[in-house]
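Reviewing the structure listed below.
Just so you know, all these numbers are worked out from the coordinates, no wet-lab data involved. All figures in this text were calculated on a predicted structure; none of them were measured in a lab. Cβ placement follows ideal geometry from the backbone for every residue including glycine, while neighbour counts extend to all protein chains displayed.
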Amino acid sequence: MAKIPVSRWLLLAVLAAAVVFALVALSTAALLPSASQPVVQVAAYGLLIAVALLLFLWLLWQVAHLFLWRVGRRLAFSYFLIGFLPIPMVLLLLFLNGYLLAGYFLGHLYRDAVHEIHQELSQAATSRLAAVEQDSRDSKHIADNIALATYRGGQRVSGDKRLPPRWPTWLASPEGEETSTFFALPDGSPTLAATAGGDQLGVLAVREGDIEKVLRNRSGVWVSLLQADDPRKEDVIRVSLGVKEYTLLPLKPKRGFEGREEFFGAPPEGLPRLERPFIWWGELAGPLRDLADGSILSEYMAASLNGNLPIINQRLFSTSAEVNTSVWASLIAITGLLASIYGVAIVMAFYMIFTLSRSVNSLSRATNAVRQGEFAVRIPVRRRDQMGELQSSFNEMAANLEQSVLAIAQKEILENELKIARDLQQSLLPTDLPASEAVDFSTLFEPSAAIGGDYFDVLRLDENRIVVVIADVSGHGLSTGLRMAMLKAALVILVQEGKEPAEVFRRLSAMIRAEGEQRLFVTATLSVVDFRRGELAITNAGHPPTYLLRDGEVSEILLPGNPLGALGEDYGSRTIDLEGNDVVVWLSDGLIEATNSQGEPFGYEAVVGSLEGSAAAAAVVRDRLLDALKRHTDGQPSEDDKTLVVMRYMTPASTAATPRKE
């Protein structure tokens, strides 16, 4: 069973605490003052809603994670987002762009119709003004749906009595100014007007009749004029783009647009779907002014425009069959090409999803097999792409892993054997060091490898004498350790036979030379300590000096001699009288040659300097030397074995020393 992360447990605990807190707040809200109850209830319900929302999002994430865990599903979902979803989004974008362009086109048709009517009014006013200036009663034919009035000195002298009695100075606009402003007749109906001349002699022309119907017939678009306070504007949608505002009607206006279906020619059973009003747009004109005095009756006039696809097709596209055929043929060809490309993309996508999913599943099964210990599993490689290369790499990895596991198993066997050898070497070292009122020992044995080449021992000759041996076999590893064990066995036998130290070294040297397989050298120091006499007899075979610490000062006992296994048999020897509290130190060259990060060895002088001082116990002297060595090496790994034997001689003993375990 999979373990649930601590963070998830913490989140669930917080959500549970929030739910409990909200429920407690709701249950105890009645006990609070009436003014605080709504606040507490709203906060509690809000907390419950937030917890529910978080749980819903968490469950949604878990479901999505489980669904998309498989690579095949993830690829399919990615293709849906990248390869399929953009197509309807692009179609929707094209539809919106087409709708906006069609709306702009309807507005263009409406503005052209307004401009055309205004041009007719200007021409009618100009023609009447010319006739008045020539004192002619007849002018060119003027349409019956245009009302005219002539003004002299700012007063109306002839024409339609519905028009203002005084010259409308507010109506005369400079050339280039907006001419789409609507004016209200005395009955309140909107219309368009134009002037010619000035207040001394001028003509006013006004369009009569239903201006909406005129604009519809001229533009071919259903036009409904709405004032700012028009009740039909409740169903109108206003869209602001920058500084310009557009008016849109809903898809099905509820009232105020009677006659629209008849305008599009709907039979009793209704229009076909493609001929129904499809485009809804709006245009804003200037304020609605009173024609009599120029006062503003409405802040603006909104023109609601409706059109259908046949209107756009008739007005926008070419009437040439050849041109239409060429355009549509090109469009169909490009559409077919894109559809073919998309079909190929679909086939490739499904092929990739299927093949990649199968390859990933085979990799997943093989990985699970390897995880369970079946290192011989292999994947059949049939692909010649990156996935095939990945499968080949997995097979190579599995083969290497199988070999590595075998190597690790062999290494474990070898390590176990080395551990046995290391334990055997440790067992060769003395564990019962002599200790009495006359002597105190402290030692160190630290091999640089699993099996070291150093050796020390403390052997008892009789009740009053012991032998201290320290040796260093050249080399490291198992073979060196075996030779050290052989050396110990021979040395113990020779010492127990009572041989003199020089004779012991000669026989050991002869034994080492007799092996003959490779040149092997052993440095050693054999010291005989006589408790009763207080004497120390040292015999040295090429080993580093022995140190004597007396009254805080250190003496270096350097005895030149040939190493064991060499051709010569000249060994240095010396006898020293021991005094109370004398400390004798034997060590291997691993301590002297230990280097720091700069490669500088510890050295003989440093050994002498670190040994100087009080000698309260053998362990104190040993620790003082080791602390100085640790400061010098500063954690650098050792390249040679370290062996140290420290003996503190206190007073001559009249009784035999008794053994004591450390």
Looking only at the stretch 616-632, which residues have a backbone nitrogen under 14 Å from a spot 7 Å from the Cα of Asn596 in the C-beta direction?
-> 628-632
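Give the residue list of GluC sites (Glu not before Pro) in the stretch 449-506 that are DSSP loop and have at most 16 other beta-carbon atoms within 10 angstrom. Spell out each step's value before the answer.
On the way: sites: Glu463, Glu497, Glu503; in loops: Glu463, Glu497.
Counting only loop positions with at most 16 other Cβ atoms within 10 Å, the GluC sites (Glu not before Pro) in the stretch 449-506 are Glu463, Glu497.
What is the gain in length, in nm to one decimal, between Tyr45 and Arg166 on full extension, counting 0.36 nm per residue of separation less the C-alpha to C-alpha distance? Provide the component values of the computation, followed by the final result.
Numbers: separation 121, 0.36 × 121 = 43.56 nm, distance 7.06 nm.
Stretched fully, the Tyr45-Arg166 segment lengthens by 36.5 nm.
May I ask you to list the chymotrypsin sites (Phe, Trp or Tyr not before Pro) in the stretch 25-100 that are in a DSSP loop and have at most 14 other Cβ atoms within 10 Å of their Cβ?
On the way: sites: Tyr45, Phe56, Trp58, Trp61, Phe67, Trp69, Phe77, Tyr79, Phe80, Phe84, Phe95, Tyr99; in loops: Trp69.
Answer in residue order: Trp69.
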Could you tell me what fraction of 2.2 N^0.38 Å the Cα radius of gyration of the stretch 430-661 comes to, as a two-decimal ratio?
-> 0.98
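Pairs Lys488/Lys642; Lys161/Lys213; Lys411/Lys630: which are spaced more than 28 Å apart, C-alpha to C-alpha? Don't jump to the answer; show the numbers that get you there.
Details: Lys488/Lys642 18 Å; Lys161/Lys213 24 Å; Lys411/Lys630 32 Å.
Listed pairs above 28 Å: Lys411/Lys630.
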Amide hydrogen neighbours beyond the local backbone of Gly282, cut-off 5 Å, H modeled | Thr247, Leu305
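Starting from the alpha-carbon convex hull of the stretch 564-627, give the projected area averaged over all orientations, in nm². Don't skip to the answer; put the middle values down first.
Working: hull surface 26.5 nm².
Mean projected area for the stretch 564-627: 6.6 nm², to one decimal.
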In whole Hz, the Karplus estimates of ³J(HN,Hα) for the stretch 367-373 (6.51, -1.76, 1.60; θ = phi - 60°; x where Gly or Pro) are 5, 4, 5, 5, 4, 8, x
Give a residue-ordered list of calculated ³J(HN,Hα) values for the stretch 460-472 (Karplus: 6.51 cos²θ - 1.76 cosθ + 1.60, θ = phi - 60°; whole Hz; x for Gly, Pro).
-> 9, 8, 7, 5, 10, 10, 9, 10, 10, 10, 9, 9, 9
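Report the FRET efficiency, 1/(1 + (r/R0)^6), for Leu401 and Glu515, where r is their Cβ-Cβ distance and R0 is 60 Å, rounded to 0.05. Walk me through the numbers on the way to the answer.
Details: r = 42 Å, r/R0 = 0.71.
The computed FRET efficiency comes out at 0.90.
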Would you pull out the residues with amide H under 5 Å of Ser298's amide H, same chain only if 5 or more places away, H placed 1.01 Å from N?
-> Leu288
